[in-house]
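J.: Attaching a single structure in structure tokens format; questions to follow.
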Amino acid sequence: MANSLAAQHISVIGLGAMGTALAKALLAGGHQVVVWNRTTSRAEALAAQGARVAESAAEAMSAADLVILCVLDDAAVREQIEPAAALLRGRTVVNLTTTTPEQARSLGRWAAANEVELIDGGIMASPEMIGGPASLVIYSGAAVAFDRHRSVLELFGRAEFVGTDLGAAAMYDVSILGAMYAMFAAFRQGATMVRSTGGTAAHLAALTVPFLQAIATSLTDQAVGIDTPADYAQIQSDEFTAAAIDLIDKAAVESGTPTDLYGALRRTLTGG
Ligand SMILES: NC(=O)c1ccc[n+]([C@@H]2O[C@H](COP(=O)([O-])OP(=O)(O)OC[C@H]3O[C@@H](n4cnc5c(N)ncnc54)[C@H](OP(=O)(O)O)[C@@H]3O)[C@@H](O)[C@H]2O)c1
């Protein structure tokens, strides 16, 4: 077990793939971890690693100053947290369950009414990545509580605080995921088109990955154009971008696999 300067009692509610990874990272950080899961058998492996298994969510929530929630969705969070309002008063809850920004804000209103300090978090990692160098968790909400618990939260990976609006972390989370899915969709369409010429998706992937890795850094420049347009000299005109996308769209039609994808890209990128 790694040494921790200040071992704390921390509860983890929800031991699916992600909650289990979070609890393991806390144990590895030397903390006293209390866990609870609706299906008790999922807690056995953690018990063997030193976690205390609570008999109920209420028991777990009242065992620690810092309560971490990682269940399926907002409805599951509400189901567990609302009956425990009195127990949670004065404690810090970090909700790492994926929700929409408005669900996070709504939970924040509930937390404020019940004197609970709430931090919302969006995990940009898979369970195996937790605690590793590529793991990122984006947080928003109670800033003072975030600073107080930062060293614990950094056990999960880089901890990035994006503001006191409880919806902010979820908005960054869905925006990053949106970029990922747009990339997946375009790759899948491209693979279909390449295969129509006798090529393979594997070969396309091998050629696409280094290109995208190089081009991804241009997002930093594009961000200047969005945040402060006056400071940005646009490299490609909208006309150039529209013509390029139209050409790709025409190639999709020629390949026999027409798609809505490029029209949506054109409208988003050029407004036309
Ligand atoms: N896995 C990932 O790669 C990943 C990445 C980023 C974010 N996340 C987010 O992390 C959260 C958990 O994901 P996961 O991968 O751990 O999912 P999972 O393996 O499917 O586990 C879901 C967990 O939610 C619990 N649960 C569901 N409904 C519940 C309810 N009504 N009351 C109490 N507990 C309930 C389940 O309990 P039972 O065991 O009793 O069913 C289980 O512990 C999700 O919001 C997910 O979006 C996951």
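The values are calculated or read from the model by the stated rules, or taken from the named source; none is laboratory data. No experiment lies behind these values; they were computed from the predicted model shown. Cβ atoms come from the backbone with ideal geometry, glycine included; neighbour counts cover every protein chain shown. Accessible surface is based on the protein model in full, side chains and every heavy atom, while ligands, DNA and RNA are left aside. Shrake-Rupley method; radii C 1.70, N 1.55, O 1.52, S 1.80 Å.
J.: Accessible area per residue for segment 106-244 in Å², computed with a 1.4 Å probe and the full protein assembly in place, what is it?
T.: 59
J.: If you don't mind, another one. Would you mind getting me the FRET efficiency between S196 and T268? Use the beta-carbon distance for r and R0 = 35 Å, nearest 0.05.
T.: 0.85
J.: Just want to confirm a number: the relative contact order over segment 1-101, from Cα pairs under 8 angstrom separated by 6+ residues, in percent.
T.: Relative contact order, segment 1-101: 29 percent.
J.: Among 14-25, 168-179, what's the highest-first ranking by average C-beta atoms within 10 angstrom per residue?
T.: 14-25, 168-179
J.: Between R158 and A6, what FRET efficiency comes out of the Förster formula 1/(1 + (r/R0)^6) with R0 = 35 Å and r the beta carbon distance, rounded to 0.05?
T.: My answer for the efficiency is 0.95.
J.: I'd like the orientation of helix 168-195 relative to the chain: the angle between its Cα long axis and the longest Cα principal axis, in ° from 0 to 90, rounded to 10.
T.: Its long axis makes an angle of about 40 degrees.
J.: If you average the C-alpha positions of segment 85-105 and of segment 158-232 separately, how far apart do those two centres end up, in angstrom?
T.: First find each Cα centre; the distance between them is then 29 Å.
J.: Convert each backbone phi in segment 107-112 into a coupling constant with the Karplus relation 6.51 cos²θ - 1.76 cosθ + 1.60 (shift: θ = phi - 60°), then list the ³J(HN,Hα) values in order as whole Hz, x for Gly and Pro.
T.: Per residue, the Karplus-derived 3J(HN,Hα) values read 5, x, 5, 4, 5, 4 Hz.
J.: Oh, and also: What order do you get for 147-158, 254-265 when each peptide is scored by the mean count of other beta carbon atoms within 10 Å, highest first?
T.: Going by the mean number of other Cβ atoms within 10 Å, highest first, we get 147-158, 254-265.
J.: Sum -39500 (n - 2.57) across every DSSP H segment of at least 4 residues in the chain, then divide by the residue count to get the 222 nm mean residue ellipticity, nearest 500.
T.: -15500 deg cm²/dmol
J.: While we're here: Arranged from highest to lowest average of other beta-carbon atoms within 10 Å per residue, in what order do the peptides 185-198, 127-140, 224-237, 107-120 appear?
T.: Descending mean neighbour count gives 107-120, 127-140, 185-198, 224-237.
J.: Taking R0 as 30 Å, what's the FRET efficiency between E59 and R109 from their Cβ-Cβ distance, rounded to 0.05?
T.: E between E59 and R109, to the nearest 0.05, is 0.70.
J.: So how much slack lies between L247 and A134, counting 0.36 nm per residue of separation and subtracting their Cα-Cα distance, in nm?
T.: Using 0.36 nm per residue and subtracting the Cα-Cα distance, I get 37.0 nm.
J.: Also, quick follow-up: For labels at I176 and T220 in the simple 7 Å Cα→Cβ model, what's the distance in nm?
T.: My value for the distance between the label points is 1.7 nm.
J.: Next question, about the same structure. If the chain between A48 and A28 were fully stretched, how many nm would it gain, using 0.36 nm times the residue separation less the Cα-Cα distance?
T.: That works out to 5.9 nm of additional length.
J.: So if each residue of separation counts as 0.36 nm, and I subtract the Cα-Cα distance between Q234 and H203, what length gain in nm does that give?
T.: 7.9 nm
J.: Same structure again: What number, in percent, do you get for the relative contact order of the chain if the mean sequence gap of Cα pairs under 8 Å and at least 6 apart is divided by its residue count?
T.: 12
J.: What is the angle, in °, between the Cα long axis of helix 261-270 and the longest principal axis of the Cα atoms in the chain? Nearest 10 is fine, range 0 to 90.
T.: Value to nearest ten degrees: 90.
J.: Also, I was wondering about something else. Scan segment 38-105 for GluC sites (Glu not before Pro) in coil per DSSP, keeping those whose Cβ has at most 16 other Cβ atoms within 10 Å, and list them by number.
T.: Loop-located and lightly packed - E55.
J.: Calculate what fraction, in whole %, of the accessible area of the chain sits on carbon and sulfur atoms when a 1.4 Å probe is rolled over the protein chains.
T.: 59
J.: Using only Cα atoms and rounding to the nearest 10 degrees, what angle (0 to 90) does helix 218-227 make with the longest principal axis of the chain?
T.: The angle comes out at about 80 degrees.
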